Structure formats: C-alpha cells, structure tokens
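Only one structure is covered here, and it is reproduced in the block below.
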Amino acid sequence: MKRKVIATLLAASMVMSLAACGGGDAGSDSTSGDSGSSSDSEADSGSSGGSGDTIRLVNGKIEVDAQLKKLAEMYKEETGVTVEIESMGGGIDIQGTLKGYYQADNMPDIFVNGGSTDFGNWEGMLEDMSGEAWASDTDAAYVDEEYGTIGFPYTVEAVGLAYNADILEKAEIDPSTLTSPDKIEEAFKTLDSKKADLGIDAVVGYCAEATNLYWSTGNHVFANYIDGGLDREDTTYIDMLNDGGKVDEERLTHFAEFVGLLNQYSDPALLVSGTYDQQILNFASGKYAFVTQGSWIGATMTTDDAEAYEAAGNFTVGMIPYAFEDGMDTILTNAPSWWSVFSDGNAEAAKAFLQWCSEDAAQQVLVEEAGFISPFTSCKYVANDPFAQTIVDYQAAGKTSAWHWLGMKEGLAQNYTGQVFNDYAAGNLDTDKFVQTMEQVIQACYAN
C-alpha cells in the first residue's frame, strides 16, 4: 500500500456524502462531540502519554457515546490525560469527514476504520501496534501484511435475522428448524395468520429507506449474499465482487427471493421510509417477530428503549441465519470496525489509552454497560446484552461465517445498492429486475 497524496484525499472526500459500521452501526443522524476523560495509568500501560496530554477519538457507534465518555472520565481521573470522544452516526460519511479533517490538519489521534477500503485511505499513516500487550490477547485485530497491526478491535458483533423468542414460542415455531427459505416462508405465513392473537403489527421489521439506512440494506443485509453459509476463510463472492463487480447470478437470485419475503411480510409503515429508531423501538416493544438488524441493537433495547422493552416483558431474543438457500446454518460474526492510531498525532498517548481499553476496568464498562462482546481472551466479563448468549452459542458450535462486506468498494452501498433495495421494497422492481439492476449498478460502481 502506498501513502495517498492530498489531492486524492480531497477528491474522494468531495465525492462522498459513516455510518453504522460505515465504520460501525448507527442509531442517529447526529454527531456528538462533547469531550470526556479517560483511564489506566501510563506507567501501567507502558506508554508515555504523560499527565496533561489530550487525545481525540472519533467513534462510529453513537449508541455507546455515553459509555465511551464514562471511560474517558475514568481515564482522566487516573492519568490526567483528557480523551475527547467525538461520536458519529446515521447518515454521516465517517471516512469523508475524516478526509476533510485531514485536509484541515485536524486529524483525531484515534479513529474508526471499517475494513480494507477504509484502511486503504490511510496507507502508511497508521501506527503498527503489534508490540502492544493487547495484540497477543485477541484474534480479532486488523492486521495488514505490510503495515502490521493497525486496527484495535473493541467488540465482536453478529449479523443475522433477529427474533423475539417469546413470540415464536407462542406461535409454536422452533427457530432451530429455520434453516431453509421454505421453512422460513412457512414460519412467516404462520406468524402473519396469527398477528392479532400474538399482538404484533407485522412479522418482520425491515426498513429499506435509502438515504439514512443504505448501510443496513447495502452492507448488512447484502453481507449475507457475500458470506452466508460459507466457511470463515471462504472469500469466493467478495473476490468476484472486487473483480470488476462480478456476481453469481444464481446465488443472487436466491438471495433476492429471500429479500422478497422480507418485503412481503414487513411492516408497510416502515418498509420504504421508516427510520432506524422506529425499527428498533417497534421490535423492542414486541410489535415484530423478526427484525433485520444485528446484535448491536441490544444496546439500544436496554438503554434508549428500555422502558418499551420492559413493558414488552424483556423477552428473550435470538438469531436465525438469512437462510436463502437450503442448509444455511451460520450467522455472520466479526469485529465490525477497529480503532486506529494516527502516526502524526499524539500516538504514544493514544496507544496507552487503547492498551488500557483492553484491560479490566475498561472491559467491565465496555462489556457490562456498552454491551460489547469482548474480543479479548483475558476478559472475565459477560455482556448483559440480549444477544450476547446467542453469539456465544453460535461461536461455540462453530456455526459462524465471517463478513467481508467491509472489503467492498467504497460508496457501493451508499451510492448504488441501497437505492436498489429501496426500489425493490417499493414494488418498482420484481425479483428478476432486482437481480439485473443490482448487477448493473455494482458493475457501474466498480467501473468508476
């Protein structure tokens, strides 16, 4: 990888318009830039930040803004080092914003990267953290073959079709049997016929709004086409995609048929123009049996939507695979994004803070309060997040696929495929036209 020149960064930032995993996930369109404090001592972490230093962290998961600011307060109390937390969410293009910061000589010391495309924007500009103690305590670091360990993992997340176990039990549906499109369609029909008895508004909470939720459809839902049912090391479909935008038409057709089921059984009030907040609140309120979001929504259900979730009985949740082909029995798990250290910033103090974040005091907050699934083997805490046990169970059973959508061409979801999902949901495309249009726009993106 070669260092990008300033002109390239400027051009790219002008073309782009964050996101949830744009690097991360998102529950809001706002940015939170309040400063907070940080934790573990410089001496303990072996770095030389020094009392009185200030570092800035750009976070891509606005739903844990409060917890990160608590960490910052803890860290300042221990070390005197101020950690300013700048959280971005929803419709913000994080990488485009960061490129603007670079142009303005306003780069944060730590910032989020969502995968190879994001990391490629900062070639030669990131600290190699291979020598940090945390790097030998996890298998989830982002490691570049040329530049070393340049991504700090802060959580593991899962993408699957989340469900309300209480509703499925009332409908006498065993989620472990839902490993084929026919079985899932049968379950959807059963649930739809019992909506009044079950007290639900719709079978599925699925939203294909294109402006602010392109990351949900174009990244997380489409991720199942790329990786669903595959071994973790299998990169067949992301490799095809990155070879000029090629797709497997048969597999994409099966995937499209499954998305058609989501369209058919979704809440029509949400499908085309709903918001993330509405989607999660309605699921937390027990209005849907399924919802097309990943494990990150647990944090929202137990904080912002806690009152509604409690009123709905604090129901047990789980996940089934997006089984668009027979026998698919994996959910997708990965570090959704990583924190990187800018080499030209306050790098030593930044690395000291990240080392502290991997240790006991910070892990307790990140796991028990932010609901993160720890990527660190030494962590003794288990998340109280509704989805934590589901992820642990799938991992223990070896029923996980990786996710490689982070390696798609930058802007593919935001500027191309998100709109195709929206048009399909709106009824402007049938299944065949969805496949054809998807293939055309993907090829157009890669041609550009």
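The values are calculated or read from the model by the stated rules, or taken from the named source; none is laboratory data. Fair warning: this is a prediction, and the values are worked out from it, not measured in the lab. Because the Cβ atoms are built from the backbone with ideal geometry, glycine has one as well, and the counts that use them run over all protein chains shown. Please note that ligands, DNA and RNA were not included when accessible areas were found on the heavy atoms of the full protein model with its side chains. Shrake-Rupley method; radii C 1.70, N 1.55, O 1.52, S 1.80 Å.
How many angstrom separate the Cα center of the stretch 399-416 from the Cα center of the stretch 165-187?
Rounded to whole Å, the Cα centres lie 28 Å apart.
Computed from the coordinates I sent, log10 I(q)/I(0) by the Debye sum over Cα atoms at q = 0.10 Å⁻¹ equals one of (i) -0.75; (ii) -0.83; (iii) -0.68. Tell me the label.
Evaluating log10 I(q)/I(0) by the Debye sum over Cα atoms at q = 0.10 Å⁻¹ on these atoms matches (iii).
At a probe radius of 1.4 Å, what is the per-residue accessible area of Ile110, in Å² to the nearest 10?
Roughly 0 Å² of Ile110 is accessible to a 1.4 Å probe.
What's the local net charge at Val272, with K and R +1, D and E -1, over the other residues with C-beta under 11 Å away?
-3
Check the straight Cα-Cα distances from Lys99 and name the aspartates and glutamates below 17 Å, setting aside those fewer than 8 residues away within the same chain.
Glu86, Asp109, Asp118, Glu123, Asp344, Glu410
Once you put a point 7 Å from the Cα of Ala165 and another 7 Å from the Cα of Ala196, both along the Cβ direction, what distance in nm separates them?
3.1
Which value, in Å² rounded to 10, gives the accessible area of Val143 with a 1.4 Å probe and all protein chains present?
Approximately 100 Å² for this residue.
Compute, for Arg56, the solvent-accessible surface of its heavy atoms (probe 1.4 Å) with the complete set of protein chains present, and express it in square angstrom to the nearest 10.
30
Report the net charge of residues surrounding Gln395, where surrounding means a beta-carbon distance below 13 angstrom and charges are Lys +1, Arg +1, Asp -1, Glu -1.
-1
At R0 = 45 Å, how high is the FRET efficiency between Ser130 and Ala397 if r is their beta carbon distance? Nearest 0.05 is fine.
Step by step, r from the Cβ atoms, then E = 0.90.
What accessible area per residue, rounded to a whole number of Å², is obtained for the chain using a probe radius of 1.4 Å?
Accessible area per residue, the chain: 37 Å².
Using the Cβ atoms and a cut-off under 12 Å, what net charge is assigned to the surroundings of Ala187, where Lys and Arg are +1 and Asp and Glu are -1?
Residues near Ala187 contribute -3 overall.
Near Lys195, which lysines are there with a Cα under 27 Å away, not counting those fewer than 8 places off in the same chain?
Qualifying lysines at Cα under 27 Å: Lys170, Lys183, Lys287.
Counting only protein heavy atoms and a 1.4 Å probe, tell me what percentage of the chain's accessible area is made up of carbon and sulfur.
44
Using only the alpha carbon atoms of the stretch 183-300, find the Kirkwood hydrodynamic radius as the inverse mean reciprocal pair distance, in angstroms to one decimal.
15.4
Would you list the P(r) distribution for the stretch 309-448, with all Cα-Cα distances sorted into 10 Å bins from 0 and each bin expressed as a whole %?
9, 23, 29, 25, 12, 1
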